[in-house]
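**Student:** Sharing a structure here in structure tokens format.
Nothing in this text is a laboratory measurement; each read-out follows from the coordinates by a stated rule. Only a predicted model underlies this, so the values are computations on that prediction, with no experimental measurement involved. When we count neighbours, we look across all protein chains shown, and the Cβ atoms used for this are built from the backbone with ideal geometry, even at glycine.
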Amino acid sequence: MKRLPALSAAVGLALLTACTAGTENSAPSVPAGSANHDPVTIEFWHGFSADNELKAFDDTLAGFKQKYPWITVKATKAVQDDQILQAVRGGNPPDVALSFTTDSVAEFCKAGIFQDLNPYLAASKIDPATLFPPVIAEYTQYQGKRCVMPMLADAYGLYYNKKLMKGSQPPKTLSELAGLAKKLTVKDDKGDIEVAGFVPTSQMYENAPIHTGVMVGAKWTNPDGTSAIGSDPQWKKLMTWQKELADWYGYDKLEKFRKSFGDEWSADNPFNKGKVAMAIDGEWRNAMLASDAPGVDYGTAPLPVADDQQDRYGAGFITGTVIGIPRGARHQEAAWDLVEYLTTDTDALVKLSNAIRNVPSTLPALRSPDLDKDPNFQTFLDIFANPNSSTLPANVNSVFNQQTMQEAQIQWESGRATDLDALLADVDKKINDKLKLTAGG
Amino acid sequence: MAATALGRRGPAVPSSSRGGRRRANLRALLYLSPWLAGFAIFFVYPLLSTVYFSFQRYDMFTLEPVGLLNYRYLLHDDAAWTALRNTLWLVVVMVPLRVLFGLGVAQLITKVKAGAGVLRTIFYLPSLVPLVAGTLGFVYLLNPGTGPVQAVLDAVGLPSPDWFGDPAWSKWGLTILGLWSVGDLMVIFLAALLDVPRQLYEAAAIDGANAWHQFTRITLPIIRPVLMFATVTGVIQTLQYFTQAMVAARVASGATDSAGSVFVPGYPDQSTLTFPEWLFHQGFRDYAMGYACVLALVLFAISMVFTLILLRQFRGFAEEEA
């Protein structure tokens, strides 16, 4: 009978060992060179799903095939981060994976879910500091590990419907935006909103705090990684402004109006339908308006800024699509060839940018004479180049921090929370506690 | 000593008989082995792993021992306690309402003279609708901007709450969704009600018992095992309540699965956040699998307590019946 506990312990240990076997970190082996031209097929997972985007992306992959005829790319569309994560964990990852969000970059790098690309960059003699604008470094690396590369970038600005603006110029300050929003709003006899000048609440499609915080230059974190939200007066300024405008509409009326909207990514977007005069959105909306609502006469401008920060006008939020080689990729050499092509080849980036109207992510592509630069798109190129534009630096709790902040914004806008200082102090506490839990900070 | 030992061990057994018993035990173990293997692989191993990971900082790729950090975090994780309160609210409110509603519908169908089959089908069909589709349909129906329910209420001049956008109403919205899909319980109750001997009602009627007395003195005692079954399974299912709350919150909030679109779980104001949902978010969205394991252990403990209480009740009832 004495053998039973020992046997149980051994089995338990074996099980635990088996369970944790997938947690080892393996350093990537850097390919010696591209001398090997044996035919190879690589798996590539990406998130593109719209027809125009898929066609443009297929064209780009055809360009890759011309340059690297021995590599066949088997592409899988509409893949989310969760699927990439599970594939890596299951030991069957794609050779190359693309993510539309930079929220997980810190975890991708920290946990080694994507391989550190610095050795590949060194082997290919690519200097990221001279190839990419500086802001990109903030969302493609974490603690010195560059585990993803940028493949096109996004910049956020203000879209305005010229017909609904009735000759008004786009606002440059938050006061101007509020004044114009009230002036352009049309309500029916019951007070329900028929056309909104601007929907100020944080749940409006692209009004998430990461995008609107730039309007007041608000900070998310302190240098030590703890929350700066409660101590930065700019958040309070932004939320007070949002609340005042939401109250002018009536929060319930605003919610009823918002919930009548169609899908953000469909032709039913209220900006396409002329139901909102001004909206915060990314540069990609240019291509969507061209295909879904070509009759809308619109203009673009930088985001309005706080009244006392007019020198910052022209800045916006910047982020981008990222691409990398997951841990366990079987064909690393060919995978790097594809990543290098999609992120550094000027012709490929320019063609893709022209097709889906995303901002090119390398300095040579931004300067390329082949890049289509109509005035509405130029606005976003200028925002991208503005030194005051900012991004959300890679953070292991990026999603949690944004959720916590947005939750506080909803409570405040709706009037369900009335003490803004206490609300933001609570945000700080939650973010700092979470930091201790996940990063030991 | 020998007598004492014999007394303790029972009467002496011939060695051939002992061998036979051993063989019988081995044979029984052999027959049980598929279940034992399944129990070990799918219950004991995950449970041990969960306990082990609850003491680790585990992002599903790297491990770091952190002692009781995950347990300490639980003590001041407001969202976890809110999620627990919401889940218990659903157990206390939604489960009894579903049982009562299912029983009421079944009782009505037994009384219908014509068209009972059609009614039975109509009430049963919603339980066949996939959870996601049913929830999407409900959020659409109750949408204050475009929903037909709002339009009807507006037309007759009645106010309508923002069912899935107002924290005071959101759990009631989920409860109505639960009542709509009560067909699974209704069918079980219907079978139980039809099984009650008619003669008992006839005898009671002759003795002057009214409908209420017949229901409480004849129907309820006879269908009590079925009621208990419905309650036990309802409580266990509701402790795992996830899909409807997640879908309703996501659709009502307007968040999409895209970059920059932040989905706040439990929208609005965490009023629909359930314990399993928070567990999922911690483990699979926030990369805090170690902490998610603590939440899983808490859920396991609560489920055990509920199950033990209900089983005790059930045993008491069974003894009473015997």
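**Student:** With springs only between Cα atoms under 10 Å apart, run a GNM on chain B and tell me which of B:THR272, B:THR175, B:THR110 wobbles the most.
**Tutor:** Checking each option, the largest mean-square fluctuation is seen for B:THR110.
**Student:** Can you tell me which of A:389-396, A:239-246, B:153-160 comes out highest on packing, and rank the rest after it, using the mean Cβ neighbours within 10 Å?
**Tutor:** Packing proxy ranking, top to bottom: A:389-396, A:239-246, B:153-160.
**Student:** While we're here: So what's the gap between the Cα centers of region B:148-187 and region A:296-327, to the nearest angstrom?
**Tutor:** 40 Å
**Student:** When chain B is modelled as a GNM with alpha-carbon springs shorter than 10 Å, which of B:PRO34, B:PRO265, B:PRO276 fluctuates the most?
**Tutor:** Most flexible of the set in this elastic network: B:PRO34.
**Student:** Setting aside same-chain residues fewer than 8 positions from A:LYS166, which aspartates and glutamates have a Cα under 13 Å from its Cα?
**Tutor:** Excluding near neighbours in sequence, the set is A:ASP297.
**Student:** In addition: When the Debye formula is applied to the Cα atoms of region B:15-70, each taken as the same point scatterer, what base-10 log of I(q)/I(0) results at q = 0.19 Å⁻¹?
**Tutor:** Relative scattering, expressed as log10 I(q)/I(0), comes to -0.74.
**Student:** Jot down the radius of gyration and Dmax of chain B, Cα atoms only, both in angstrom.
**Tutor:** Considering chain B through its Cα atoms, Rg and Dmax are 26.3, 93 Å.
**Student:** Here's a follow-up. Inside 10 Å of the C-beta atoms of B:276-287, what's the mean count of C-beta atoms belonging to other chains? Numbers along the way, then the final one.
**Tutor:** Working: counts 0, 0, 0, 0, 0, 3, 4, 0, 3, 7, 10, 12.
Mean number of neighbouring Cβ atoms from other chains: 3.
**Student:** Let me ask something additional. Excluding A:ARG330 itself, calculate the net charge of residues whose Cβ lies under 15 Å from the Cβ of A:ARG330, where each Lys or Arg counts +1 and each Asp or Glu counts -1.
**Tutor:** So the environment of A:ARG330 carries a net charge of -3.
**Student:** State, in angstrom, two size descriptors of the protein assembly as shown derived from its alpha carbons: Rg to one decimal place and Dmax to the nearest whole number.
**Tutor:** Reported Rg and Dmax, both Å: 31.1, 111.
**Student:** Rounded to the nearest 10 degrees, what's the angle between the helix A:332-344 long axis and the longest principal axis of chain A, both from Cα atoms, 0 to 90?
**Tutor:** Compared with the principal axis, the helix lies near 20 degrees.
**Student:** Can you return the lysines within cross-link range of A:LYS351? Criterion is Cα-Cα under 27 Å, with same-chain partners fewer than 8 residues away left out.
**Tutor:** Counting by Cα, and skipping residues close in sequence, A:LYS351 has these lysines nearby: A:LYS55, A:LYS65, A:LYS67, A:LYS74, A:LYS77, A:LYS125, A:LYS373.
**Student:** From the square roots a ≥ b ≥ c of the eigenvalues of the alpha-carbon gyration tensor of chain A, which class results: rounded (a/c under 1.5), prolate (a/b over b/c), or oblate? Could the numbers behind the result be given before it?
**Tutor:** On the way: a/c = 2.06, a/b = 1.35, b/c = 1.53.
Oblate shape, in that a/c is at least 1.5 and b/c is the bigger or equal ratio.
**Student:** Could I ask something else about it? How charged is the neighbourhood of A:ALA123? Take every other residue with its Cβ under 11 Å from the Cβ of A:ALA123, and add Lys/Arg as +1 and Asp/Glu as -1.
**Tutor:** Counting the neighbours of A:ALA123, the net charge comes to -1.
**Student:** Oh, and also: Once you order the gyration tensor axes a ≥ b ≥ c over the Cα atoms, which shape class does region A:236-318 get: rounded for a/c under 1.5, otherwise prolate or oblate by comparing a/b with b/c?
**Tutor:** Oblate.
**Student:** Under a Cβ-Cβ cut-off of 12 Å, what is the net charge of the residues other than A:ASP347 that fall near it, where Lys and Arg count +1 and Asp and Glu count -1?
**Tutor:** On the way: positive: A:LYS67, A:LYS351; negative: A:ASP59, A:ASP345, A:ASP370.
Within the 12 Å Cβ shell, the charges total -1.
**Student:** Over the whole of B:60-73, what's the average partner chain Cβ count within 10 Å per residue? Rounded to a whole number, please. Write out the running numbers ahead of the final one.
**Tutor:** Numbers: counts 9, 14, 8, 4, 2, 0, 3, 0, 0, 3, 1, 0, 3, 5.
Counting other chains' Cβ atoms within 10 Å and averaging over B:60-73 gives 4.
**Student:** For helix A:375-385, report the angle its Cα long axis makes with the longest principal axis of the Cα atoms of chain A; keep it between 0 and 90° and round to the nearest 10°.
**Tutor:** Orientation of helix A:375-385: about 60 degrees from the principal axis.
**Student:** On to the next question. Can you count the Lys pairs in region A:186-340 with C-alpha separation below 15 Å, eight or more apart or on different chains?
**Tutor:** Within region A:186-340, the lysine pair count is 12.
**Student:** Tally the DSSP beta bridges in the protein assembly as shown and give the antiparallel ones as a percent, rounded to 5. Intermediate results must be reported in sequence, preceding the final value.
**Tutor:** Working: 26 of 38 bridges.
So the antiparallel bridges in the protein assembly as shown amount to around 70 percent.
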